[in-house]
Amino acid sequence: MKVLKRFLGSLAIVLLCALLQASCSSGSDGPPDQQTLLSRLRALSGLQVTPIQTLAGFDQCFQVDITQPIDHQNPGLGTFQQRFYLSHRSENAPTVFYTSGYGIARNFEHELSALLQANQIMLVHRFFPGADPQDWDYLTIRQAADDQHRIKETLEDIYPDKWVSTGGSKGGMTALFYRRFHPADVEATVAYVAPIMYVPDDPRFAPFFEQVGTAECRQKIQEFQLQVFSRRASLMPLLIQFAQSHNYVFDIFSLDEAFEYMVVEYPFAFWQYGQESDCGVIPGADATDQQVFDHLADVSSPYYYSDGGFLLYQPLFYQAYTEIGYCPYVYEHVKDYLQAVPEPSYRAFAPRGVDLVFRPEVMQDVIPWLQTEGQKIIYIYGGIDPWTAAALEPAAGLDALKIVQPGANHRVRIMDLDQGALVIETLERWLGIDINVPAREALKTLEAPRERLRL
């Protein structure tokens with residue numbers, strides 16, 4: 001009898017421990033379906049997966065760090081960690097593959113993911129915070145495209161349905177470059193406000209500024225620039241105060257250089273993120289110095305010329321002056337006022353002490369391919385966005401769609417388009433799906449992008 005009691009007691013202890021272990025396991029890893037997906041992701045080679053707060057409309061969200069080769073053509077050279085955010089709806093849903101072309105500060109739902117009720121991957125571009133291989137030689141559009149391709153190969157067994165690549169601005173360019181080098185990876189691409197330049201100082205921008213908006217508004221913008229320069233002595237103390245209050249450091253560029261770049265950049269920044277109605281709020285000659293400075297800083301932020309802004313955006317300008325091109329400053333009308341920066345150039349924002357040799361053959365390959373072979377690509381542009389000066393024009397007969405929304409700026413989205421229904425119908429045809437009314441309505445509730453980027 002004592003033996004039996006000891007046996008039953010031991011059995012009870014074993015069962016209790018098993019129950020406690022199961023309870024602890026369930027509490028740490030969530031419900032069974034989450035355990036399954038999390039374990040499957042963690043079983044994939046080279047991934048470090050961390051569950052994060054789930055976005056509304058998704059079942060689970062993860063921060064994923066993948067080990068990537070610095071050079072995809074020479075994997076033995078070394079590796080770096082590249083971050084992306086995975087938001088999961090269903091293994092039977094499409095997957096939207098988004099890259100910002102920069103870093104990503106947080107996970108959020110992109111409008112295309114809401115529209116397609118898709119899973120979502122948001123990728124940090126190499127050389128930005130969360131993905132920094134260090135050696136500038138490996139910041140190329142092909143290496144970045146191969147980063148995306150490797151992620152697609154890693155996850156395609158979990159997400160076997162159709163994939164769609166997308167991005168805005170430099171992210172839209174990145175999505176197009178990915179499509180060029182790995183055309184079979186995705187079923188379709190939606191490129192928002194993506195300019196395609198072919199030289200570092202693309203000549204198409206200067207004519208754009210001669211016709212955008214009304215003549216009255218263009219004149220008011222130039223008069224404001226001249227007014228700022230005429231008040232330089234009284235505005236410089238306000239810039240110093242602004243820099244101190246925001247903890248901006250100006251060791252790479254001086255405050256005098258920053259001031260002049262802010263004024264030269266003003267027309268581009270005004271049209272990139274503003275609208276023509278904003279002409280009515282441009283301060284006139286009767287405005288106070290504080291009103292003039294506040295408007296200038298709001299439109300053309302000093303941050304870009306601070307040490308923090310320089311270091312954040314230098315990968316963009318490295319790419320601009322080695323492969324992807326950029327725009328020139330338009331400054332003839334204020335040239336006589338430039339002292340610290342007599343010949344402003346965006347080249348000044350590229351990494352210091354690094355050879356910048358532009359390789360024209362890169363875009364000479366990409367542009368003709370997009371124009372003649374880039375099937376199932378949607379290009380969306382804003383009519384007053386300066387980057388639309390370098391919009392790509394698909395060849396006649398190509399199964400691609402280009403839309404320029406009149407009056408829209410660099411933040412234009414599908415929900416803003418007069419031809420939004422055409423975009424939806426085109427995606428339905430390409431993907432073989434029906435986009436239901438609730439999904440279309442969901443676009444109206446999404447947070448509008450507020451970040452101001454250099455491209």
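The values are calculated or read from the model by the stated rules, or taken from the named source; none is laboratory data. The structure displayed is predicted, hence computed values, not measured ones. Here the Cβ positions follow ideal geometry from the backbone for every residue, glycine too, while neighbour counts run over all protein chains shown.
Out of the residues in region 262-284 meeting the condition of being more than 23 Å from the chain's Cα centre (by Cα) and assigned to a loop (DSSP other than H, G, I, E, B), tell me which one is surrounded by the most Cβ atoms within 10 Å (Cβ to Cβ). Only one residue fits best here, namely 282. Every condition in (1) within 27 Å of residue 127 (Cα to Cα); (2) touching a Cys at 6+ places or on another chain (Cβ under 7 Å) is met by residue 279 except one, and the failing one is (1).
Listed here are the residues, each with its yes/no results for (1) surrounded by fewer than 20 Cβ atoms within 10 Å (Cβ to Cβ); (2) farther than 16 Å from residue 265 by Cα.
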position	(1), (2)
299	no, no
308	yes, yes
322	no, yes
337	yes, no
352	yes, yes
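Residues that are more than 16 Å from residue 75 (Cβ to Cβ) and modelled with pLDDT of 95 or more within region 128-139 comprise 136, 139, listed in sequence order. From the list 158, 151, 104, the one residue that fits, being at pLDDT below 95 and not polar (S, T, N, Q), is 104. Restricting attention to region 138-158, and to residues there that are part of a loop (DSSP other than H, G, I, E, B) and either without any contact (Cβ under 8 Å) to a residue 12 or more places away in the chain or not assigned by TED's automatic domain parsing to the domain that holds residue 38 (or both), which single residue is nearest to the chain's Cα centre (by Cα)? My answer is 156.
Scanning region 167-186 for residues that are in contact with a helix residue (DSSP H, G or I) (Cβ under 6 Å, 6 or more places away or on another chain) and more than 15 Å from residue 370 (Cβ to Cβ) yields a count of 1. When residue 102 is tested against (1) touching a residue at least 40 places away in the same chain (Cβ under 8 Å); (2) within 15 Å of residue 145 (Cα to Cα); (3) outside any loop (DSSP other than H, G, I, E, B), just one condition goes unmet, and that condition is (3). The combined condition, being of a type outside the set (Gly, Ala, Ser), outside any helix (DSSP H, G or I) and either modelled with pLDDT of 95 or more or in the same structural domain as residue 406 (by TED's automatic domain parsing) (or both), is not fulfilled by residue 315.
Picking from residues in region 55-88 that are surrounded by fewer than 20 Cβ atoms within 10 Å (Cβ to Cβ) and aliphatic (A, V, I, L, M), the one that is nearest to the chain's Cα centre (by Cα) is 55. Of all helices (runs of 4 or more DSSP H) completely enclosed by region 171-256, which ones contain at least 1 residues that are free of Cβ contacts under 8 Å to residues at least 24 places away in the same chain, surrounded by fewer than 16 Cβ atoms within 10 Å (Cβ to Cβ) and in the same structural domain as residue 335 (by TED's automatic domain parsing)? Those helices (runs of 4 or more DSSP H) span 215-230, 232-245. When residue 287 is tested against the conditions (1) of a type in the set (A, V, I, L, M); (2) crowded, with 21+ Cβ neighbours inside 10 Å; (3) assigned to a loop (DSSP other than H, G, I, E, B), the lone failure is (2).
Here is the figure for region 335-390: residues that are part of a helix (DSSP H, G or I) and of a type outside the set (S, T, N, Q) total 22. Applying the criterion of being assigned to a helix (DSSP H, G or I) and surrounded by fewer than 13 Cβ atoms within 10 Å (Cβ to Cβ) to the residues of region 426-444, the residue that is modelled with the lowest pLDDT is 444. Checked against (1) at pLDDT 95 or above; (2) closer than 25 Å to residue 355 by Cα; (3) not basic (Lys, Arg), residue 182 passes all but condition (2).
One residue stands out among those in region 404-421 that are touching a strand residue (DSSP E or B) at 6+ places or on another chain (Cβ under 7 Å), surrounded by fewer than 19 Cβ atoms within 10 Å (Cβ to Cβ) and at pLDDT 95 or above: the one that is farthest from residue 189 (Cα to Cα), which is 418. Pairs under 7 Å by beta carbon, first residue of a type in the set (Phe, Trp, Tyr) and in a loop (DSSP other than H, G, I, E, B) in region 116-137, partner buried (at least 18 other Cβ atoms within 10 Å of the Cβ) and at pLDDT 90 or above, six or more apart or different chains? Sorted first by the residue in region 116-137, then by its partner, the pairs are 127/139; 127/315. Being touching a residue at least 40 places away in the same chain (Cβ under 8 Å), within 30 Å of residue 325 (Cβ to Cβ) and surrounded by 19 or more Cβ atoms within 10 Å (Cβ to Cβ): is that true of residue 97 here? Against the criterion (touching a residue at least 40 places away in the same chain (Cβ under 8 Å), within 30 Å of residue 325 (Cβ to Cβ) and surrounded by 19 or more Cβ atoms within 10 Å (Cβ to Cβ)), residue 97 qualifies. Go through 451, 393 for me and flag whichever is modelled with pLDDT under 95, part of a loop (DSSP other than H, G, I, E, B) and not small (Gly, Ala, Ser). Matching residue, one of 451, 393: 451. The residues in region 340-395 that are over 23 Å from the mean Cα position of the chain (by Cα), small (Gly, Ala, Ser) and over 30 Å from residue 255 (Cα atoms) can be counted, and the count is 1.
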